[in-house]
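I have placed the structure first, in the form of structure tokens, so that the comments after it can refer back to it.
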Amino acid sequence: MKIPKGEIQKFQVSLTEEQKIAKARILHNSITLLKGKAGSAKTFLACNVALDLLAKRQVERIFVSRPFIYAQGEEDLGILPGGVRDKLIGITTPILENMYIIATKEKVEKYIEDGKIVILPSVFMKGMTLPNAVIILDEYQNATSHVTYTALTRLGKGSKIIATGDMTQCDLRDKKDSGFAFFKALQIQGLPGFEIIELTSNHRHDVVDSITSIYLDYKN
């Protein structure tokens, strides 16, 4: 596949220095876990990288996935109103909103219409191979180790996985079930092409950092 030189699409929001450094590291990896506290723009950066690679035709599609834990701590679409598309769009709204900010709603909706951005919950991933794509695994502190393993092993040739998460926002009944422990095992074992990157800057209201600190003290 011919890769055009230079930047094709001028995004609406520029990256900070921390984000630029993290993006360079993500582009070097096959699998990256972006971790960081609430407001550190993990999802935003994952979307920026994915849309950039799609605009430059270095990948053919973006797959967007979030774990569902709304019923008894397990993935279950049945509890949500509407058809499957309505349920999936509702749950992935935070990702799409970030994409709208980066590349405009019109551009993103056109990508969806053309099948270049695909919403794919992890429960539908089994048996699939995803080549030439960026796979965004968002809020994966809420995925079990088995779900995380299933998602990571969908990686096809020419693809990248960008997972995001924050254990302080884990909604699993038993936090020991979180796939974050599996990501740590990958790091300890020195998996080639894998890296954990922590973002530290707050991109929301200044008070968010204080809320997070108070919450952690409260929980402890």
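The values are calculated or read from the model by the stated rules, or taken from the named source; none is laboratory data. Bear in mind the structure is a predicted one, so any value in this text is a computation, not a measurement. Here Cβ is always computed from backbone atoms with ideal geometry, including for glycine, and neighbour counts include all displayed protein chains. Heavy atoms of the whole protein, side chains included, go into the accessibility calculation; ligands, DNA and RNA do not. Shrake-Rupley method; radii C 1.70, N 1.55, O 1.52, S 1.80 Å.
Residues are listed down the side, and each one gets a yes or a no for (1) touching a residue at least 12 places away in the same chain (Cβ under 8 Å); (2) over 12 Å from Ile102 (Cβ atoms); (3) part of a helix (DSSP H, G or I):
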| residue | (1), (2), (3) |
| --- | --- |
| Gln12 | yes, no, no |
| Glu18 | yes, yes, yes |
| Ala24 | no, yes, yes |
| Gly39 | yes, yes, no |
| Leu51 | yes, no, yes |
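Please specify each residue of the stretch 47-66 satisfying the condition of being closer than 17 Å to Thr148 by Cα and either open to solvent by 10 Å² or more (accessible area, probe 1.4 Å) or among the aliphatic types (A, V, I, L, M) (or both).
Val64, Arg66, listed by residue number.
Please identify the pairs in which a residue from the stretch 127-147 that is modelled with pLDDT of 95 or more has its Cβ atom under 8 Å from the Cβ atom of a residue that is open to solvent by less than 20 Å² (accessible area, probe 1.4 Å) and among the aromatic types (Phe, Trp, Tyr), counting only partners at least 6 apart or on another chain.
That search, which allows pairs on different chains as well, returns Leu130/Phe63; Ala133/Phe63; Val134/Phe63; Ile135/Phe63; Ile136/Phe63.
Kindly indicate the residue of the stretch 16-33 that is polar (S, T, N, Q) and closer than 23 Å to Pro131 by Cβ and also surrounded by the most Cβ atoms within 10 Å (Cβ to Cβ) among those meeting that condition.
Filtering the stretch 16-33 for residues that are polar (S, T, N, Q) and closer than 23 Å to Pro131 by Cβ, the one surrounded by the most Cβ atoms within 10 Å (Cβ to Cβ) comes out as Thr32.
Inside the stretch 91-209, counting only strands (runs of 3 or more DSSP E) that do not spill past its ends, which hold 1 or more residues that are within 19 Å of Leu53 (Cβ to Cβ) and open to solvent by 10 Å² or more (accessible area, probe 1.4 Å)?
117-119, 160-165, 194-198
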